[in-house]
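The next block holds one structure in the form of structure tokens; read it before the comments.
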Amino acid sequence: MSKKPGKPNTKEKDFSGKILKILSKNANKPYNYKQIAAKLELDDTKSRNEIIKDLKLLASKGKIIEAEPGKYLVKAASQDYYEGRIDMTSRKTAYFICEDFAEDVFIPTNNLNHALDGDTVKVYVYNRRSGKRPEGEVIEIIERKKTEFVGVIDIQKNFAFVTTANVKMYTDIFIPKDKIGEAQQGDVVVVKIEDWPKKADSPFGSVINVLGKPGEHDTEMHAILAEYGLPYEFPPEVEEYAQKIDTSIQESEIANRRDMRDTLTFTIDPRDAKDFDDALSFKKLDNGNFEIGIHIADVSYYLQEGTILDDEAYQRATSVYLVDRVVPMLPEVLSNFACSLRPHEEKYTFSAVFEISPQAQVTNQWFGRTVTYSDQRFSYEEAQHIIETQGNMIPADISITGSDYEVPDHIVEATLKLDELAKIFRRNRLKNGAISFDKVEVKFHLNERDEPTGVYFKESKDSNHLIEEFMLLANRKVAEYIGKQKKTFVYRIHDEPNEDKLIGLQSVIAKFGYKIDLRSKKDISKSLNSLLSDVQGKKEQNLVDTLAIRTMSKAKYSTDNIGHYGLAFDYYSHFTSPIRRYPDVMVHRLLQYYLDGGKSVSEDVYEAKSEHSSNMEALATNAERDSIKYMQVKYMQDHQEEEFLGVISGVTEWGIYVEIVSNKCEGMCRIREIKDDYYTFDEKQYALVGEISKNILQLGDEVFVKVKNADLVKKQLDFHFIRKNS
């Protein structure tokens, strides 16, 4: 239990941080202890004596110099002070991330001076030129990354504390009695940090939302969203605005568009999809080629710039897909109805229409606004059945309707031809150096209370690849069309993999008998594809897939086009999902603006918007991962007496991480609890080694485990180690 902040501190005061802050802000002016005391508004003798002592201490450490008797300057101010970002560890220390340093600067706990994870700070760096590891001290917090936190409240008689489950949040938050609000003992709450008095152990905050009791399903889902600052409902005024939009199809608007309602058009989506961003149209041409349209919901028609609806969509930047729910970017009236390309309905669309030869060569292209009519809705399972059987009867067990039905011959013919072309596109991409990441997705069977009753794995099949290839075609060709005009645009970029991480991957996969060719960019891509293919269906597949993905740079949005390494495209953008991604909305607007003859827009404005979109995407991804971890822990709570076969997926000095083969749930076996020997961590082998038996536990080894503890709040599993699989 933390002591109450604000209480008189019996320890001597340390003014070092404040002194450095004053001197660094006035780098060329020497100060004596009286001037510093005046700046700090201190006039008592004890404080002045502490300032004198701290000045001498800082001078002895070489952080400041005595420029003249009793007057001090910060040492080499312009060279030793840097701005950057704090990256907390789980051990209450941090690293300072700054472009000026090749390696991250270590920040000891007592030098954090109230900085929190992700904060933008000014840091004094010492040991910078001595050859020793550079260390730093936070002098100023320039901007907090976040001020709202999620945690469990512990209410005392006159105050409360909120403790978070975030391992990077090293302090609890003090809540004065009058700021507890409606919270009850043990509730999960959202708190806002309002102040952090200099000598207080904890920041001061107030409860701004009560989410419920720990472990309750809705409480934990809302807590995941709140942890990343993601909303779970729309403000009433935004909903009201959306409801008033005229979503009817008008003849006057059709006149402004290419009318493609008579062209065969259909959608292929997950069977539980509520919104349909994209549709494909198919027409045979007299010259033997095919006209194929990629039709995307024309969200930008309804989402007008400068409105509260657009502001809300921009702030969200993306829909968030948790295991049991979708938090949409747009209100339901748009996402599930007006913009959704539902079967047997006319819709406004934004289209990329291509003439394609039987050999999958694009011979002509057209971009613009259209009106379309969806003739058929397929699930991926239904489309896959057509591809595999080349027939037109959909059986009831995979049918969306729940009963057998017959697909018209011309739709079957179109589906099979699109599949044939997609396979050529995919083959060509992989030949050009694209990397084929088909990582297995973990999915859950949920009961009516959204509790997990089973785990299954989702794999991409031909029907998924069919849609993927035509979406990639549209995204690539739109980006290429604008990119070659040298006009500002929003690209989806992906840098080359990190060489150190590739070498690390090489050392791990060597244990399984695989290797990567690191000689050239193309060799890396080719050998990565071979690796991903070779591990298919093997016990180490998920481990190798995960490690291979980690070697990759993160894809992001930017106006600076460096190409997309993973897809092997020189030009790539996101055009195909504006219902759920704001960058696609920006791409639609820019494309139409340039089609209308507009001049290049401000790069700075769109770079800032791209960065915001990338940041929000990262938060959404983290929330989605947390929801999967939560469901895995919840699922394993009901299987505590079972013995599971797992694969060692991580090795650290404190234990091994084990991923269960049958359900991909991951947990830790702590080193002190592996009882068959005394184990130590061998960093070179990336393994635990038994002192007596010399038994080795390393990445990829199969072991048997049981659930020891399933913590829903922390989303963590602890396993009992039973034995290694011989």
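The values are calculated or read from the model by the stated rules, or taken from the named source; none is laboratory data. Note that the structure is a prediction, hence the values are computed from the model and not measured. Positions of Cβ are backbone-derived with ideal geometry, glycine not excepted, and every protein chain shown enters the neighbour counts. Please note that ligands, DNA and RNA were not included when accessible areas were found on the heavy atoms of the full protein model with its side chains. Shrake-Rupley method; radii C 1.70, N 1.55, O 1.52, S 1.80 Å.
Within the set of other residues whose C-beta is less than 13 Å from the C-beta of residue 254, count the net charge using Lys and Arg as +1 and Asp and Glu as -1. Each step should come with its number before you reach the end.
On the way: positive: 257, 258, 261, 347, 369; negative: 251, 253, 259, 262, 298, 346.
It works out to a net charge of -1.
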* **Cα Rg, Dmax (largest Cα-Cα span) when computed across the stretch 445-516, Å** => 20.4, 53
* Asked: Which one of 493, 394, 593 has its Cα pushed farthest toward the positive end of the charge dipole of the chain, where Lys and Arg give +1 and Asp and Glu give -1 at the Cβ?
  -> 493
* **Net dipole in debye of the stretch 134-275 [+1 Lys, Arg Cβ; -1 Asp, Glu Cβ; about Cα centre; nearest 20]** => 380
* Asked: Over the C-alpha atoms of the chain, what are the Rg and the largest Cα-to-Cα span, Dmax, in Å?
  -> 29.6, 97
* To do: With everything on Cα atoms, drop me the angle between helix 541-551 and the longest principal axis of the chain, reported from 0 to 90° to the nearest 10.
  => 70
* **the stretch 346-416: proportion of alpha-carbon pairs further apart than 19 angstrom, %** => 51
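What is the packing order of peptides 139-147, 185-193, taking the mean over residues of other C-beta atoms within 10 Å and listing the highest first?
On the way: 139-147: 15.6, 185-193: 20.3.
The packing order, highest mean first, is 185-193, 139-147.
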* Asked: How many nm separate the modelled label positions at residue 428 and residue 451, each set 7 Å beyond the Cα in the direction of the Cβ?
  -> 5.3
* Structure fact -> Sorted by chain and number, the residues with a modelled amide H under 5 Å from that of residue 651, at a separation of 5 or more or across chains, are 657
* To do: Quick one: what are the phi-derived ³J(HN,Hα) couplings along the stretch 379-390, Karplus 6.51/-1.76/1.60 with θ = phi - 60°, whole Hz, x for glycine and proline?
  => 8, 4, 5, 5, 5, 5, 4, 4, 5, 6, 9, 6
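Expressed in nm to one decimal, what extension gain is obtained for the pair residue 439 and residue 390 from 0.36 nm per residue of sequence separation less their Cα-Cα distance? Kindly include the intermediate steps, with their values, before the conclusion.
Working: separation 49, 0.36 × 49 = 17.64 nm, distance 2.71 nm.
Difference between extended and current length: 14.9 nm.
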* **Prolate/oblate/rounded call for the stretch 160-208, Cα gyration tensor, a/c under 1.5 rounded** => oblate
* Towards the positive end of the charge dipole of the chain, with charges on Cβ (+1 Lys, Arg; -1 Asp, Glu), say which of 229, 679, 361 has the farthest Cα. => 679
* **Shape parameters for the stretch 292-417, alpha-carbon atoms, Rg then Dmax in Å** => 17.8, 50
* With axes computed from alpha carbons, what is the tilt in degrees of helix 409-431 against the longest principal axis of the chain, rounded to the nearest 10 within 0 to 90? -> 50
* In Hz, Karplus ³J(HN,Hα) per residue of the stretch 492-498 (6.51, -1.76, 1.60; θ = phi - 60°; x = Gly, Pro) -> 9, 10, 8, 7, 5, x, 6
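Would you please classify the overall shape of the stretch 529-636 from the alpha carbon gyration tensor, given that a ≥ b ≥ c denote the square roots of the eigenvalues, rounded means a/c under 1.5, and beyond that prolate means a/b larger than b/c while oblate covers the rest?
Since a/c reaches 1.5 and a/b is larger than b/c, the shape of the stretch 529-636 is classed as prolate.
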* To do: Place a +1 charge on the Cβ of each Lys and Arg in the chain and a -1 charge on the Cβ of each Asp and Glu, then give the dipole magnitude about the Cα centre in debye, rounded to the nearest 20.
  => 3700
* Asked: How much length is gained on full extension from residue 680 to residue 237, taking 0.36 nm per residue of separation minus their Cα-Cα distance?
  -> 153.5 nm
* To do: State to the nearest 20 debye the size of the charge dipole of the stretch 203-354 about its Cα centre, where the only charges are +1 on K and R beta carbons and -1 on D and E beta carbons.
  => 420
* **Ordering of 700-710, 504-514 by packing [mean C-beta count within 10 Å, highest first]** => 700-710, 504-514
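Tell me, what is the FRET efficiency for residue 536 and residue 192 to the nearest 0.05, using R0 = 35 angstrom and their Cβ-Cβ distance as r? Present the calculation step by step, with values, prior to reporting the outcome.
Numbers: r = 48 Å, r/R0 = 1.38.
The calculated FRET efficiency here is 0.15.
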* To do: Identify the GluC sites (Glu not before Pro) of the stretch 145-216 meeting these criteria: DSSP loop state and at most 12 other C-beta atoms within 10 Å of the C-beta.
  => 182
* **Extreme residue, positive dipole direction of the chain, given options 38, 209, 569 (C-beta unit charges)** => 38
* Asked: With a ≥ b ≥ c the root eigenvalues of the C-alpha gyration tensor of the stretch 585-708, is it rounded (a/c under 1.5), prolate (a/b larger than b/c) or oblate?
  -> prolate
* Structure fact -> Heavy-atom accessible area of residue 305, protein chains in place, probe 1.4 angstrom, given in Å² to nearest 10, is 110
* **Approximate spin-label separation residue 400-residue 413, in nm, with each point projected 7 Å along Cα-to-Cβ** => 2.3
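How do 571-581, 250-260 rank on mean C-beta neighbours within 10 Å, highest first?
Packing proxy ranking, top to bottom: 571-581, 250-260.
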* Derived scalar couplings ³J(HN,Hα) [the stretch 509-526; Karplus, 6.51 cos²θ - 1.76 cosθ + 1.60; whole Hz; x for Gly, Pro] -> 6, 4, 5, 9, x, 10, 8, 10, 8, 9, 5, 8, 4, 5, 5, 4, 4, 4
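Could you calculate the contour length gain from residue 29 to residue 695, that is, 0.36 nm times the residue separation minus the distance between their Cα atoms, to one decimal place in nm?
Details: separation 666, 0.36 × 666 = 239.76 nm, distance 6.41 nm.
Gain in length upon complete extension: 233.4 nm.
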